[in-house]
1. Filter the stretch 48-87 down to residues that are hydroxyl-bearing (Ser, Thr, Tyr), open to solvent by 10 Å² or more (accessible area, probe 1.4 Å) and modelled with pLDDT of 95 or more, then give me how many there are.
2. Which pairs have Cβ atoms under 9 Å, sit 6 or more apart or on different chains, and link a residue in the stretch 66-83 that is free of Cβ contacts under 8 Å to residues at least 60 places away in the same chain and at positive phi to one that is open to solvent by 30 Å² or more (accessible area, probe 1.4 Å) and among the acidic types (Asp, Glu)?
3. What residue, of VAL59, VAL120, VAL130, is in a strand (DSSP E or B) and among the β-branched types (Val, Ile, Thr)?
4. Could you please let me know if THR226 is surrounded by 21 or more Cβ atoms within 10 Å (Cβ to Cβ), polar (S, T, N, Q) and within 30 Å of LYS86 (Cα to Cα)?
5. Quick one: how many residues across the stretch 205-242 are closer than 23 Å to ALA142 by Cβ and out of contact with any strand residue (DSSP E or B) (no Cβ under 9 Å at 6 or more places or on another chain)?
6. Could you please find all residues in the stretch 201-222 being under 20 Å from the mean Cα position of the chain (by Cα), part of a strand (DSSP E or B) and touching a residue at least 24 places away in the same chain (Cβ under 8 Å)?
7. Of the residues VAL100, VAL118, which single one is open to solvent by less than 40 Å² (accessible area, probe 1.4 Å), within 21 Å of THR2 (Cβ to Cβ) and out of contact with any helix residue (DSSP H, G or I) (no Cβ under 6 Å at 6 or more places or on another chain)?
Amino acid sequence: MTFQQTRKIDYFQTATDGRIKLDALMRILQNAALDHVHEADRDTRVIIAAGYAWILNKVILDLARYPLYGETVTVNTWHRGIRGFKSYREYEILAGKERVATAASSWLFLDLARRKVVKVPKETDDLYGVVPAMALDRDIEAWKPNKNLVPEESMEIITRRSDYDMLGHVNNAVYFDYLDTLLGNQVGDTFGVRTVAIQYNREIGRQVKRIQAGLARRENGACAYTFFDASGVYACGDIVLA
């Protein structure tokens, strides 16, 4: 089944130009997914108490345009099914009848005690219902980031207490705040995004106080980026600027 949620873009979700921030947009998608899980009687706290957690693996977001301050948007999200060790979720964001954004995501199911990815429970398809439609015009698994990217430009990011969530690591949406900071620093405040894709490789735990954010520019507004430190890469991805 498709889960639907309506939200108004408020002041604290927007940047200086009145457009929604990337991390705020990701939080809207994240909340819609969580509320769909809760509606299926699988509250996040219950899953954690049972010793498991859903871990975001990849996200690709296409923006036709940015939602604006004061605008009411409708989020539609659905479970696309299970393939191997991954579960797939799709999204679309509408402003009225206008489709302003679409996204796809893949998820892993983690055994918290063993810190090991395990098979997605078979009942997942029955719990959420399977809608096979893809929100994007491409399969998320066809995209592979460069995990060995050598950035041309980089900057230090200091983690904050507010970055961490119930699982004790930097929340997935916060990486988009880091990306926004990196782009603003390297490209300038007037940038816009058409497509952003990210792969989460490992968590940023509470012991991590500083990371590096790096960028490498390509042709036609395309860039590759990475979040890393001396111990390895936390996340990496691609972005196409408007």
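The values are calculated or read from the model by the stated rules, or taken from the named source; none is laboratory data. Just so it is clear, the structure is predicted and the values come from calculations on it, not from any experiment. All Cβ positions, even for glycine, are placed from backbone atoms using ideal geometry, and neighbour counts span all protein chains on display. The area values use the complete protein model at the heavy-atom level, side chains included, leaving out ligands, DNA and RNA. Shrake-Rupley method; radii C 1.70, N 1.55, O 1.52, S 1.80 Å.
1. Number satisfying all stated conditions: 4.
2. Close Cβ pairs satisfying both conditions: GLY81/ASP125.
3. Details: VAL120 fails: in a strand (DSSP E or B); VAL130 fails: in a strand (DSSP E or B).
Just one listed residue meets the conditions, VAL59.
4. Values: surrounded by 21 or more Cβ atoms within 10 Å (Cβ to Cβ): yes; polar (S, T, N, Q): yes; within 30 Å of LYS86 (Cα to Cα): yes.
Answer is yes for this residue.
5. So the answer is 1.
6. GLY205, ILE211, GLN212, ALA213, GLY214, LEU215
7. The conditions single out VAL100.
Matching residues to (1) at pLDDT below 95; (2) assigned to a loop (DSSP other than H, G, I, E, B); (3) in contact with a Leu (Cβ under 7 Å, 6 or more places away or on another chain):
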site	(1), (2), (3)
ARG89	no, no, no
LEU94	no, no, no
ARG99	no, no, no
ALA103	no, no, yes
LEU108	yes, no, no
ASP125	yes, no, no
ASN172	no, yes, yes
LEU179	no, no, yes
LEU182	no, no, yes
